[in-house]
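Notes for the one structure printed next.
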Amino acid sequence: MLGWAVAPVWASPQAGTPAAQAPALPPPPTGDPQFDKALPPLDQIQPPPEPEPSLAPVASPAPIAAEPELAAPLPPLSATDTTPPVDVQVKDSEKAPAIPYRVVIKGLAEIDLEDEFRSLSALFQGGRRGANAAQIGARADEDVKLIERLLQSEGFYDGIATASINTLPNQENRLTVTLVATPGPRYALGSIAITGAAPEPTAIARQALKLDTGAPIVAAAIEAGEGRVAIRLPEQGYPFATVGERDIVLDEDTHVGDYTLPIVAGPKGRFGNIQVAGDPIFSPRHIRVLRRFKEGDPYDSRKTDDLRRALIATSLFSTVAVEPVRTGETLADGTERVDLLVRQSKGRWRQLAAQAGYGTGEGVKVQGSWTHRNLFPPEGALTLNLIAGTLEQSLGAQFRRSNAGQRDRVLAIGTSVARQRFQAFQADTIQLNASLSRASTPIFQKRWTWSIGTELLASRERPNADIDPNRARRTYFIGALPLQLGYDRSNSLLDPTRGFRINTRLSPEVQQVSGGPFDTYGRLLIDISGYYPVSGSFTIAGRSRVGSIIGAARDAIAPSRRYYAGGGGSVRGYGFQQLGPKDAQGDPVGGRSVTEFAIEGRYRFGNFGIVPFIDAGQVSESSVPTLSGLRFGAGIGGRYYTNFGPLRIDVATPIGRRRGETAVALYLSIGQAF
């Protein structure tokens, strides 16, 4: 960071002083007697004679004949050709050749400034070629000024820089620019004083400043320290603190600078009421649900910023600001009650979204949704969902209340109808569900997430496998209490590069088939993923998944509630639901346990990425997950990174491919595989 330039102050005379007055005019010149005597007297000069009259009359010239062109009307302006004349282009061979030059730097490497200088230098940014010597000289002059600013920013206030331009021996068409920096002595901090505030805010500012006597006067360190002071004081209860302009007095003899920073701390405050202004979308009552502090708590700007981010995360505002307001009310402990003013401006509440994907064995799937984010204020959203795919179609509606009585708590109630025609089964399903959850968002990625809910399904299903001789279509009535608990230590919700995640889902369920007795069972699924950055552009990611259904035989469980493997979100290289037990016709049967593993290397360059991967997995009829009979798939993928997540295309093949299995599987989607 560049520091401060020291400029001399020039003295000028003041108006009214002798030095400021205009000089006296010399007296007019006196006459020369000899010159005057040589001049003739004015009365002897005769006037010129009168002109004689003309003896012959002068005939008037004949009138000029009218020109037809002048009498013709002017053409309209629209008919005028406004095309500018074509400039004569100079051929490349006629252009003056650019003059190459090399740059020699002396004196900066020793004080660790050469790299920074090269990144800012006009000579280097010019590509070390100039149109002429004058242009190269101008660049050198700019770099001289740059070096002196860099020297001052590091405490070398007496430093100077010079530049010289010379021709190379036997190469008159190439120049050498030599820049020489003479840093001189480095100035250090002397006394450090903070003025204008009471002892408590002065101590807070002194601790945040982190400047020591004897340390070099470095502009970046001083500016960073002052920035910390401006942040730390509001965090410690002084919402109206201001930092004044620093003063550094340099001593040229001792090379020491005495530093003084004035601050105005203002009153120490405690949180008071919530006020709203602008286009109020939220009332003070709902804003109090979002805050993480209570009235009477010591003021802390971090909690104010947290409230502002929570308001932004609702996506209901085009702009929103939270600022402290003085009330002048002094509390018993001497602090002042500070209200918060929330300025609101309404944003766009309606949203249309669409997503498309393709997977081998699953076909094309297009998803669309329409959302009104605040149809039932506050934060009551209605979403209509549509899925149109080659094997699946559905229509659904969901009501979602965000921050329902408590920050980050979401109440969701939904319904859907679906038609599925997969190779494993066919199903027509009506579903009702409700849940209460705490979930992550891109703005607030949470370490712990949870969900508790209920599901009611009526599904008419038929397995395609011939394990049922009649392949009868049966009606299943299912009630479930799905529970979810997640722990997230990754660094990104959409594109993680480090950390890990653990997610557990448990669903106790009760089922009745075609008016028969009730069956009970439990479904358990555990996902673990990890991310390790080998370098800034290369990440190794791994995932494992195990699942189990306990309490019922496989064939007694509805086909849509069994476990399957294979596909873009499972084991790539295989078609959708194609791993696991199959009948004689090759149709998937499903199972009571699933085991999956995946590892991939994510290499990113710019907005693009390449991802080689190996997946493994298997489904078993047993309820105990097993490593026996694992099938592997390998492939490579491409990524295009956007601000809402990477676009993904993966191509994979099964290892040890068997008869009937696809040689190459293709997957298109949004987001990483895991």
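The values are calculated or read from the model by the stated rules, or taken from the named source; none is laboratory data. Worth saying up front: this structure is predicted, and the values here are computed from it rather than measured. Cβ placement follows ideal geometry from the backbone for every residue including glycine, while neighbour counts extend to all protein chains displayed.
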Selection from the range 417-434 of residues surrounded by fewer than 19 Cβ atoms within 10 Å (Cβ to Cβ) and either without any contact (Cβ under 8 Å) to a residue 12 or more places away in the chain or under 30 Å from Ala404 (Cβ atoms) (or both) yields Val417, Ala418, Ile430, Gln431, Leu432, Asn433, Ala434
Of (1) at pLDDT 95 or above; (2) surrounded by fewer than 18 Cβ atoms within 10 Å (Cβ to Cβ), Asn491 satisfies every one except (1)
Restricting attention to the range 268-307, the residues that are in a loop (DSSP other than H, G, I, E, B), touching a Ser or Thr at 6+ places or on another chain (Cβ under 7 Å) and modelled with pLDDT of 95 or more number exactly 1
Subset of the range 492-521, residues farther than 23 Å from Gly547 by Cα and touching a Pro at 6+ places or on another chain (Cβ under 9 Å), comes to Ser492, Leu493, Leu494, Asp495, Thr497, Arg498
Note: among Arg149, Arg129, Arg118, just one is surrounded by fewer than 15 Cβ atoms within 10 Å (Cβ to Cβ) and in contact (Cβ under 8 Å) with a residue 24 or more places away in the chain, namely Arg129
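How many of the residues in the range 277-308 are of a type in the set (D, E, K, R) and more than 28 Å from the chain's Cα centre (by Cα)? Outline the logic, then answer.
First, pick out the residues of the range 277-308 that are of a type in the set (D, E, K, R): 279, 285, 288, 291-292, 294-295, 297, 300, 302-303, 305-306, 308.
After this cut, where a residue has to be more than 28 Å from the chain's Cα centre (by Cα) as well, the list is 285, 288, 294-295, 297.
The number of residues fulfilling the criteria is 5.
Name the residue, out of Leu481, Leu485, that is within 30 Å of Ala541 (Cα to Cα) and surrounded by 14 or more Cβ atoms within 10 Å (Cβ to Cβ).
On inspection, the qualifying residue turns out to be Leu485.
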| query | Looking at the range 372-388, is at least one residue buried (at least 16 other Cβ atoms within 10 Å of the Cβ) and farther than 30 Å from Arg308 by Cβ? | reply | yes
Within the range 402-418, residues under 15 Å from Ala310 (Cα atoms) and in a strand (DSSP E or B) come out as Val410
- Query: Has the range 570-585 got any residue that is among the acidic types (Asp, Glu) and closer than 29 Å to Val364 by Cα?
  - Reply: yes
Apart from one, (1) surrounded by fewer than 21 Cβ atoms within 10 Å (Cβ to Cβ); (2) touching a residue at least 12 places away in the same chain (Cβ under 8 Å); (3) not assigned by TED's automatic domain parsing to the domain that holds Lys303 all hold for Asn273; the odd one out is (3)
Scanning the range 548-568 residue by residue, the ones that are surrounded by fewer than 17 Cβ atoms within 10 Å (Cβ to Cβ) and either farther than 11 Å from Ala465 by Cβ or not assigned by TED's automatic domain parsing to the domain that holds Gln423 (or both) total 4
(1) in contact (Cβ under 8 Å) with a residue 40 or more places away in the chain; (2) of a type outside the set (Lys, Arg); (3) closer than 16 Å to Leu113 by Cβ; (4) surrounded by fewer than 21 Cβ atoms within 10 Å (Cβ to Cβ) all hold for Glu154 apart from (4)
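Looking at the range 624-633, is at least one residue under 20 Å from Arg602 (Cβ atoms), outside any loop (DSSP other than H, G, I, E, B) and in contact (Cβ under 8 Å) with a residue 24 or more places away in the chain?
Checking the range 624-633: at least one residue is under 20 Å from Arg602 (Cβ atoms), outside any loop (DSSP other than H, G, I, E, B) and in contact (Cβ under 8 Å) with a residue 24 or more places away in the chain.
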When (1) surrounded by fewer than 17 Cβ atoms within 10 Å (Cβ to Cβ); (2) of a type in the set (D, E, K, R); (3) free of Cβ contacts under 8 Å to residues at least 24 places away in the same chain are applied to Arg400, the one that fails is (1)
Inside the range 600-629, the number of residues satisfying the requirement of being closer than 30 Å to Ala553 by Cβ and surrounded by 15 or more Cβ atoms within 10 Å (Cβ to Cβ) is 9
Residue hits (the range 308-349; loosely packed, with under 13 Cβ neighbours inside 10 Å, of a type outside the set (Ser, Thr, Tyr) and assigned to a strand (DSSP E or B)) are Gly328, Glu329
Picked from the range 435-459 (must be surrounded by 15 or more Cβ atoms within 10 Å (Cβ to Cβ) and among the basic types (Lys, Arg)), the residue modelled with the highest pLDDT is Arg438
